[in-house]
Amino acid sequence: MKSNAICAIATAKGSSALGIIRISGDELNSLLSHLFTKKLSNRRAVLTDIKVNNILFDNCMVILYCAPKSYTGEDVIEIITHGNPVIMNSIIELLCQHGVSNAAPGEFTERAFLNNKISLEKAEAVADLISASDIQAVRAAQNSLSGKFYLDVKEVLSSIVSLRAELESIINFPEDDDAPDLIISKLSEQVDRINVLLESILANSKEGRSLNHKRTYAFIGKPNSGKSSIINCLLRQDASIVTSIAGTTRDSIEYELCINNKIVTIVDTAGIRVTQDEVEIEGIERSIKTVLKADKVFYVVDVSGGLDNDDLAILEKYNITNYDIVFNKIDLMSLEPKIIRKSPIEIYLSAINNIGLDLIRDRVDEDFVHVEKAEDLYLARSRHIDHLMDAKEYINRCPGHILESKYDILAEDMRNAHVALSSILGQNPTEELLNEIFTSFCIGK
């Protein structure tokens, strides 16, 4: 019999010492208790076998969180298994045979939102925290998750609600109002305060949004310049094929790399040259598309040949502007590794001898936003910025309405500002918005 229960592996792919399987739904203890050799107890870790028909699946630590005091607001079971994917997948199959369904991406957090366990901007902060690419992004996401963003937005909303209530009184009972000058002064003060609060939130959100971006670096150049060798050195493994044959790399290949505690994407691309090989032509076209999307390009040159007219033609033809020139193979010229800070910046290294690679790591580190007061930032999304800008636009109109005593129009703009800010917190969200947010999550969260 099917229930509303869902399950997923909550730990990263691959083998590890431990793996976690998460389950959420109604009456989980009665639904699944027969799979465990020991009785589960609320919020207590129980060491038990998962055993069915004398077949032992694993010896696990199992924790039951009874509703509503759980992440999703439903009953939740977390199974801590040995981190072998074969074991974990066999347990998932077993659960699906006993009334549980595979969870969709983000479905656990979506249930937490729908059960009022978490607000929408906090749900987004969960995904941002998981995918944060450096420590400052982590701290900004934690600020959002801990409620700083929520509380700041609620403070503005509270001020708007107070002002809207006063406006309703002025509109409906004009005979009870104070002198016109006093009304204008009082309303202006309130609007000014709302404007100051909004400016502060917008400034922190815009700076935080710049942290919410995993940077991409593309390595391009003519064939045999040593792009793949440089990437292999950065990765410390033979990930890209390296040979003396020109045009070995036939496609754009992406790798995730941690440089100085910052997670970035680096892209190995096909060597750019004139060729009649259809496969290589396709690889070059894909390389160019990747380059145009990259945050920065490292243009790799064989130092013995230098930056020639063909290289300059490539940079001009594809309008590549944000790039450093990497002069590889300095060992052939008996040169020392160095960086020359001019426009464009020049980096001298030897991939084959693994000399000077730290210069590239340092250049990546320089690109990251260094924030003095990260404790004030939130890891805002474009959706949040858009709503804040809408609210700011409505509030900016208000001083003119006050001076002209257009209180009906003032009330409407305050209402629109209220709606814009409420949308950040997920009040009256559309199904389309929820799908867009939660499908971007990893499965198991």
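Annotations
- Pair list, Cβ < 8 Å and 6+ apart or interchain, from the range 308-326 residues that are closer than 14 Å to THR269 by Cβ to residues that are of a type in the set (Lys, Arg): ILE314/LYS222; TYR323/LYS296
- Of the criteria (1) outside the structural domain of GLY19 (by TED's automatic domain parsing); (2) farther than 30 Å from ILE201 by Cβ; (3) of a type in the set (Asp, Glu), which one ASP75 fails: (1)
- Residues (touching a residue at least 12 places away in the same chain (Cβ under 8 Å), in a loop (DSSP other than H, G, I, E, B), out of contact with any Asp or Glu (no Cβ under 9 Å at 6 or more places or on another chain) and not basic (Lys, Arg)) located in the range 88-135: HIS98, GLY99, VAL100, ALA103, PRO105, GLY106, ASN116, SER119, ALA132, SER133, ASP134
- Residue in the range 331-350 that is farthest from VAL300 (Cα to Cα), counting only those that are among the hydrophobic types (A, V, I, L, M, F, W, C) and in contact with a helix residue (DSSP H, G or I) (Cβ under 9 Å, 6 or more places away or on another chain): ILE339
- Test: residue in the range 317-327 that is among the acidic types (Asp, Glu) and at pLDDT 85 or above: yes
- Condition check for LEU410: outside the structural domain of ASP181 (by TED's automatic domain parsing) and part of a helix (DSSP H, G or I): no
- Residue in the range 327-343 that is nearest to SER229 (Cα to Cα), counting only those that are part of a loop (DSSP other than H, G, I, E, B) and free of Cβ contacts under 8 Å to residues at least 24 places away in the same chain: PRO337
- Unique match (being of a type in the set (Ser, Thr, Tyr) and either within 30 Å of GLU207 (Cβ to Cβ) or touching a Leu at 6+ places or on another chain (Cβ under 6 Å) (or both)) among SER144, SER169, SER101: SER144
- ASP277 farther than 24 Å from ARG363 by Cβ and modelled with pLDDT of 60 or more: yes
- Subset tally (residues that are modelled with pLDDT of 90 or more and buried (at least 24 other Cβ atoms within 10 Å of the Cβ)) for the range 202-225: 2
- Single unsatisfied condition, ASP26 versus (1) of a type outside the set (Phe, Trp, Tyr); (2) surrounded by fewer than 14 Cβ atoms within 10 Å (Cβ to Cβ); (3) under 17 Å from PHE57 (Cα atoms): (3)
- Single residue of the range 181-196 satisfying the filter (surrounded by 15 or more Cβ atoms within 10 Å (Cβ to Cβ) and of a type in the set (S, T, N, Q)) that is farthest from the chain's Cα centre (by Cα): GLN190
- The set of residues from the range 1-37 being out of contact with any Asp or Glu (no Cβ under 8 Å at 6 or more places or on another chain) and among the charged types (D, E, K, R) comprises LYS2, LYS13.
- Condition broken by ALA12, with the remaining ones in (1) free of Cβ contacts under 8 Å to residues at least 12 places away in the same chain; (2) at positive phi satisfied: (2)
- Check on ILE355, of a type in the set (A, V, I, L, M, F, W, C), without any contact (Cβ under 8 Å) to a residue 60 or more places away in the chain and closer than 17 Å to LEU234 by Cα: yes
The values are calculated or read from the model by the stated rules, or taken from the named source; none is laboratory data. Note that the structure is a prediction, hence the values are computed from the model and not measured. No Cβ is skipped: glycine too gets one built from the backbone with ideal geometry, and neighbour counts run over all protein chains shown.
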